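Worksheet: one structure, shown below.
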Amino acid sequence: EEYSITSNDDGTVDLECSVKQDTSRVHIEVVPPEEFGVANHTEDLASTQMCWRRKTRTLAWLKNEGYDTSKLDLLATDDTIPADDTEAVERFIDVDGGWIAPLDDPYMKSVNVYDCYVTISDSKTGKETLWQVVTAQDVILHKQEVRSHPFEEYAALRIPHRFYGEDFAGLVIPVQIAQTLLTRSVIDSALITTNPRYTVLKGGLTNPRELIENRLGGVVNITRPDAINALVQPSLNPMTMSVIDRMESAKQSVTGTSDLQQGLSKDVLSNQNSADLVQQMATLGQTRAKIMARNFADFVRRVYLKAYNLVIENATKQDVIEVAGNWVPVDPREWSERKLVSVEFALGYNEREKEAASLVQYDQFMSA
């Protein structure tokens, strides 16, 4: 807090007060996939040699962040235009109004800023250190040695020994394309059946327009009984509907989401089906969902440790926070470093007991 007191001639006093508030906090941001990148042959972020995030920022924003003005002037005179990312363009193509920032002020120019974290090895000592390097158009705006990078990744379906996991869209798109083609063939067959093509004997119609209009209940005048005949059309393949059902089953097996999870069918509930059987049928396709839940639990653990260590590194004083309606003093400088965090989550009813029973049965089988 800062105070300034000024005495007036009439005996009054003017008091000016300025209060500074500490608004620093841990900010967790979701990074779009097209803005993030890693080095080739990366298995995980812990062992990668380089990772980065690319953001499009104006020079005015960079100036407010405290970057060197002389380096920003080099970017202002550069005529290079940042390339639009295909993913971002496709995401905003239906909502963008076409407004472009004015170019009268050079500091309104946008540039691609790369926030890179690269591991550099000392040629003399062989010691490896992690450096943060901020660049834009081959101009290094900032560099410093850091303890760790600020990124954590979540892959729903992991692939062993690879950073990027499985893509749901890549698995489902071929099945969906085949299902779309089969559904279109059924629709075309229904249209042809409702509006068939005809063979017309030359001179057999009094007014050909009557047949072309195809008016419901309309009269077609003919000169002879065999003037009009329906053109023979191939019927719909009887296997089409079964193939469509098979494609739907294939899509459910890929996504791990079955129809029973949306609501039990009347065919499932019967006097012969026990509650355990219904539970097994409803959870039969949840294998992928369980894998995603386990991966997400590990992701939450790593994010918590990253935020916890970030608070310890940057805390400079004691703070008072509100916890359950009470104000509690907290001093992160007294916290101890931690590396272990447990995340508890439930995957289903009696899931752990059933898994344990299956393992015991497997052990007995192998022992015999």
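The values are calculated or read from the model by the stated rules, or taken from the named source; none is laboratory data. Nothing here was measured: the structure is a model prediction, and the numbers come from that model. So basically every Cβ, Gly included, is an ideal-geometry build from the backbone, and we count neighbours across all protein chains shown. We work out accessible area using only protein heavy atoms, side chains counted, and drop any ligands, DNA or RNA first. Shrake-Rupley method; radii C 1.70, N 1.55, O 1.52, S 1.80 Å.
Considering only residues in segment 267-313 that are open to solvent by 50 Å² or more (accessible area, probe 1.4 Å), modelled with pLDDT of 85 or more and over 15 Å from residue 344 (Cα atoms), the one that is nearest to the chain's Cα centre (by Cα) turns out to be 306. Restricting to strands (runs of 3 or more DSSP E) lying wholly in segment 114-233: which have 2 or more residues that are open to solvent by less than 40 Å² (accessible area, probe 1.4 Å) and out of contact with any helix residue (DSSP H, G or I) (no Cβ under 8 Å at 6 or more places or on another chain)? Because the criterion is at least 2 residues that are open to solvent by less than 40 Å² (accessible area, probe 1.4 Å) and out of contact with any helix residue (DSSP H, G or I) (no Cβ under 8 Å at 6 or more places or on another chain), the strands (runs of 3 or more DSSP E) in segment 114-233 that meet it are 128-136. Listed by position, the strands (runs of 3 or more DSSP E) inside segment 6-62 whose residues that are surrounded by 12 or more Cβ atoms within 10 Å (Cβ to Cβ) number at least 2 are 36-38, 50-58. Residues of segment 331-339 include none that is modelled with pLDDT under 85, in contact with a helix residue (DSSP H, G or I) (Cβ under 6 Å, 6 or more places away or on another chain), surrounded by 15 or more Cβ atoms within 10 Å (Cβ to Cβ) and not polar (S, T, N, Q). Beta carbons closer than 7 Å, at least 6 apart along the sequence or on distinct chains, pair a first residue in segment 68-86 that is open to solvent by less than 50 Å² (accessible area, probe 1.4 Å) with a second that is modelled with pLDDT of 70 or more and aromatic (Phe, Trp, Tyr) for 76/107. Pairs are defined by a Cβ separation below 8 Å, a sequence spacing of at least 6 or placement on different chains, a first member in segment 157-172 that is farther than 18 Å from residue 43 by Cβ, and a second member that is charged (D, E, K, R); the pairs so defined are 172/251.
Of all residues in segment 331-345, those that are among the small types (Gly, Ala, Ser) have Cβ atoms under 9 Å from Cβ atoms of residues that are at pLDDT 85 or above, 6 or more apart or on another chain, in 336/312; 342/301.
Only a single criterion out of (1) at pLDDT below 80; (2) open to solvent by 70 Å² or more (accessible area, probe 1.4 Å); (3) small (Gly, Ala, Ser); (4) more than 25 Å from the chain's Cα centre (by Cα) is not satisfied by residue 97, namely (4).
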